Every structure is written in C-alpha cells, then in structure tokens.
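Please read the structure below before turning to the comments.
The values are calculated or read from the model by the stated rules, or taken from the named source; none is laboratory data. Nothing here was measured: the structure is a model prediction, and the numbers come from that model. Glycine also receives a Cβ, built like all others from the backbone with ideal geometry; neighbour counts cover every protein chain displayed. Keep in mind that these areas ignore ligands, DNA and RNA; they rest on the heavy atoms of the full protein, side chains included. Shrake-Rupley method; radii C 1.70, N 1.55, O 1.52, S 1.80 Å.
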Amino acid sequence: MIVSTLQAQKFEDLAKTPPMGWNSWNKFGCDINEKTIREIADAMVSTGMRDAGYQYLVIDDCWQVKRDSAGNIIADPERFPSGMKSLGDYIHSKGLKFGIYSDAGTATCQGRPGSRGYEFQDARTYASWGADYLKYDWCNHGKQNSEAAYTTMRDALYKAGRPVVFSICEWGTTKPWEWAKNIGHLWRSTEDIINCFDCKNYWGGNGVLQIIDLFTEIGTYTGPTHWNDADMLEVGNGVLTPNEERLHISMWAMFSSPLMAGNDLRTMSKETIAILTNKEVLAIDQDKLGISATRWMKYNDLEIWFKPLDGDAYAFCFINRGNQPVNLDQDLKTTIKKYVVDGSYQIRDLWKHENIGSTSENVKGSLGAHDVLMLRLSRK
Ligand code: GLA
C-alpha cells in the first residue's frame with residue numbers, strides 16, 4: 001500500500017490581491033470556441049486590459065462534452081479542435097493565465113459532465129493542460145456537503161501539483177465566507193449577476209444594486225488570498241448606462257472583489273475600455289490591505305461607502321441609487337471604527353482624475369441619477 005505523506009492544502013501564495021481577468025459566461029454563454037477565445041486573448045493585450053492587470057482568461061461552462069472510456073474529460077472536438085493544451089499554450093504565449101471551469105456535482109449547470117467522482121483525475125488533466133485557475137460550480141451536487149465537496153477538489157488540485165487559483169462558485173448558499181478561507185482563493189457570495197442595474201429575477205439572479213446590498217454584511221470575511229466574489233462584470237454588455245457601469249466597477253473595487261470582465265473585448269468601445277482600465281479605480285480594488293468597504297452613510301437614495309487603504313489613505317464612494325440627482329454637501333471628517341479622518345487629507349476624484357481639495361472643506365456638488373463619485377484621500 002502506498003501512503004501519501006503530502007498534506008493537502010490550498011496553494012497559499014496565490015491571489016494576494018483579488019484576481020482580475022475575463023470570463024466567457026456573461027457574454028457568450030455556451031457559444032464558445034477556440035477561435036473566439038484566441039481572439040479574446042489577443043484583445044486582452046491590444047486593448048491594454050492585460051497591462052491594466054486583467055490576467056486570467058477563464059473559459060466557463062460548455063467547453064466539455066463527455067468522458068472517454070478511461071474517465072478522462074473530453075473537450076468539444078468541434079469547437080476546440082486543437083485541444084485545451086494548445087489553447088492554454090496560446091493564452092500563456094500572450095502573457096496571460098489560463099482558467100477552466102467545472103462543477104462539484106455530476107453535471108454542470110448546462111448539463112455537461114461534472115467532476116463528482118473524478119476530482120483527482122480532472123485535476124491532473126487540468127494540470128497537464130497548464131491551467132492556472134479553476135472555477136468550480138455547484139449545480140447537480142446532490143446531497144453533498146459543500147465544505148467537503150470543495151475540500152475534495154482543493155486536495156485534488158494540490159496533489160496534481162500545479163498552482164491553481166481555486167474559485168468556489170456555490171452562490172453564497174451555504175455561507176462559504178464562514179468555511180472557505182482555507183479551501184479556496186475566492187468564493188461567489190451571491191447568486192448570479194444579471195445584466196441590469198436594479199432588478200432581481202425569479203431564480204435569485206441579482207442586479208448591481210442587489211449585489212451591493214448583499215455585501216453589506218460580509219465584508220469582514222474577505223482579505224488577501226481569500227476573497228468575497230461579487231460575480232463577473234457586466235460593463236460593456238450594452239444594458240447599463242455609463243454612470244451605472246462606473247458605479248458597478250467602483251463598488252466591486254470598494255469590496256475588493258475579483259474583477260472578471262464579462263464583455264466582448266474584441267469590439268468594445270473606447271468608453272468601455274476607459275471604464276474597465278481606470279487604473280486609479282483598479283488600484284482601490286488591488287489595495288494590498290484587502291479591506292472591504294463598509295456603508296458609512298445612507299440618506300434616502302444616497303449611500304456613502306468607506307474603505308481603508310494602505311499608506312494612511314482611504315476611499316469614499318458616493319452612489320446615487322435613485323432616478324433624480326442628489327445635492328452633496330458632505331463633511332468627510334469623521335471617525336469610523338479605529339480610523340480617524342481629520343481635515344488634513346487631500347481628496348482626489350478617481351473618475352475625473354483630478355484633485356478636488358482637502359478634507360478641511362465639505363465635498364459639494366451634484367450626483368446624477370445612478371452615478372458615482374469615487375474619492376481617494378491621502379496625506380497632502
Ligand atoms: C452558474 C454560475 C455562472 C455560470 C453558469 C454556467 O449559474 O453561477 O457563473 O458559470 O453556471 O452554466
């Protein structure tokens with residue numbers, strides 16, 4: 001009998017800041033193939049997304065069709081004729097990292113083969129393809145215990161030996177923030193995002209505001225190597241207005257959420273690129289302290305969120321949930337928990353890219369419907 005002495009764990013040195021990348025699901029659903037994925041990889045480079053920090057290119061559901069007689073998972077030979085190793089090599093050749101998707105149940109959410117009972121074999125297969133990231137879903141899980149099911153795949157990835165960011169996707173249903181810190185690097189905290197600003201649908205899909213609301217209670221659980229995941233971005237998918245898109249990515253950054261773009265990078269407008277690659281906003285997301293924002297104030301439709309940053313700095317994010325402009329006349333001098341904001345901070349507007357004064361004076365102006373004012377405070 002061979003007894004392994006290797007104690008399985010998660011790969012500790014990954015995701016010290018929230019993972020950033022692109023995922024196929026929001027825009028393409030099951031309509032994916034290797035040509036599209038290669039073109040997306042090219043676009044991640046040519047649009048400046050890669051250089052802004054978007055690193056992981058994740059192929060979501062529907063790449064897989066069956067298992068062979070030895071139980072090996074088989075990629076769709078019509079849509080991915082060159083195979084996943086070749087695709088992974090191409091993604092790596094662009095200076096990107098390669099992400100793949102599976103499910104802890106017998107079938108994925110789209111009815112493709114899941115990994116249940118094949119966890120160690122699948123993990124070895126992904127390693128042989130050069131995968132760097134696994135999103136692991138929760139459909140058709142039967143009566144499995146979520147912590148146990150995700151631990152099995154964590155151990156399988158570890159034993160396969162290739163460092164992989166493990167993205168838990170059980171939609172917050174069993175409170176992964178309470179048990180997943182040593183299992184995955186990120187966990188979806190809510191059911192799926194839907195492409196709208198303020199709506200919910202019959203199966204629990206959430207608009208941008210609904211996800212923000214679900215994040216009011218769980219901020220303390222997030223941090224370096226273990227992140228609350230607010231789900232993939234809907235920026236550039238044609239429904240949200242520019243104000244709403246800025247608000248959406250600003251708040252994801254306030255939460256230190258992973259940022260996975262979910263639009264067609266090959267055809268996006270200059271405005272969309274500017275929103276997705278605003279480096280000052282992305283730096284709030286990637287701040288090395290990894291502290292999630294708390295809601296500091298709520299006055300009717302206006303909310304003000306607060307996030308401590310590395311180096312005696314803070315972010316304040318004003319969002320207007322309503323359909324009418326809101327007048328602002330806000331003193332930012334305050335004490336929030338142990339953080340003291342006095343009158344000596346310089347204030348920078350991260351969407352206008354300009355300094356707008358100091359905390360010795362109130363922030364004034366008007367905030368449009370569904371718009372955001374994102375500020376960074378630092379010492380003069
Ligand atoms: C679930 C996940 C989504 C996506 C789909 C794919 O709904 O939460 O993010 O991966 O499955 O089928």
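The table that follows gives values for the structure above.
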quantity: Filtered residue count, region 39-71, keeping only those that are within 16 Å of the ligand (Cβ to nearest atom) and either in contact with a Leu (Cβ under 7 Å, 6 or more places away or on another chain) or aromatic (Phe, Trp, Tyr) (or both); calculated: 3
quantity: Qualifying residue in region 195-211 (condition: within 11 Å of the ligand (Cβ to nearest atom) and surrounded by fewer than 16 Cβ atoms within 10 Å (Cβ to Cβ)); calculated: yes
quantity: Residue ID - most open to solvent (accessible area, probe 1.4 Å), chosen from residues in region 336-378 that are touching a Phe, Trp or Tyr at 6+ places or on another chain (Cβ under 8 Å) and either assigned to a loop (DSSP other than H, G, I, E, B) or on the phi > 0 side of the Ramachandran plot (or both); calculated: His370
quantity: Residue among Ser82, Ser115 that is within 16 Å of the ligand (Cβ to nearest atom) and at pLDDT 95 or above; calculated: Ser115
quantity: Matching residues in region 315-335 - criterion: being in a strand (DSSP E or B) and either without any contact (Cβ under 8 Å) to a residue 40 or more places away in the chain or touching a Ser or Thr at 6+ places or on another chain (Cβ under 8 Å) (or both); calculated: Cys317, Ile319, Val326, Asn327, Leu328, Asp329, Gln330, Thr334, Thr335
quantity: Residue match in region 292-303 (condition: buried (at least 22 other Cβ atoms within 10 Å of the Cβ) and not small (Gly, Ala, Ser)); calculated: no
quantity: Scope region 236-261; condition within 16 Å of the ligand (Cβ to nearest atom) and surrounded by fewer than 24 Cβ atoms within 10 Å (Cβ to Cβ); matching residues; calculated: Asn237
quantity: Which numbered condition Thr36 misses (of (1) open to solvent by less than 40 Å² (accessible area, probe 1.4 Å); (2) of a type outside the set (A, V, I, L, M, F, W, C); (3) more than 15 Å from the ligand (Cβ to nearest atom); (4) in a loop (DSSP other than H, G, I, E, B)); calculated: (4)
quantity: Test: residue in region 88-107 that is under 23 Å from Asp264 (Cβ atoms), among the polar types (S, T, N, Q), in the same structural domain as Cys30 (by TED's automatic domain parsing) and surrounded by fewer than 18 Cβ atoms within 10 Å (Cβ to Cβ); calculated: yes
quantity: Positions within region 166-177 being within 21 Å of Gly99 (Cβ to Cβ) and outside any strand (DSSP E or B), in sequence order; calculated: Cys169, Glu170, Trp171, Gly172, Pro176
quantity: Hits in region 139-148 (condition: more than 13 Å from the ligand (Cβ to nearest atom) and not hydroxyl-bearing (Ser, Thr, Tyr)); calculated: Gly142, Lys143, Gln144, Asn145, Glu147, Ala148
quantity: Conditions (1) under 24 Å from Gly262 (Cβ atoms); (2) away from the ligand (no atom under 11 Å from the Cβ); number of the one not met by Tyr136; calculated: (2)
quantity: Restricting region 178-194 to residues that are within 15 Å of the ligand (Cβ to nearest atom) and part of a loop (DSSP other than H, G, I, E, B), the residue that is farthest from Lys135 (Cα to Cα); calculated: Ile194
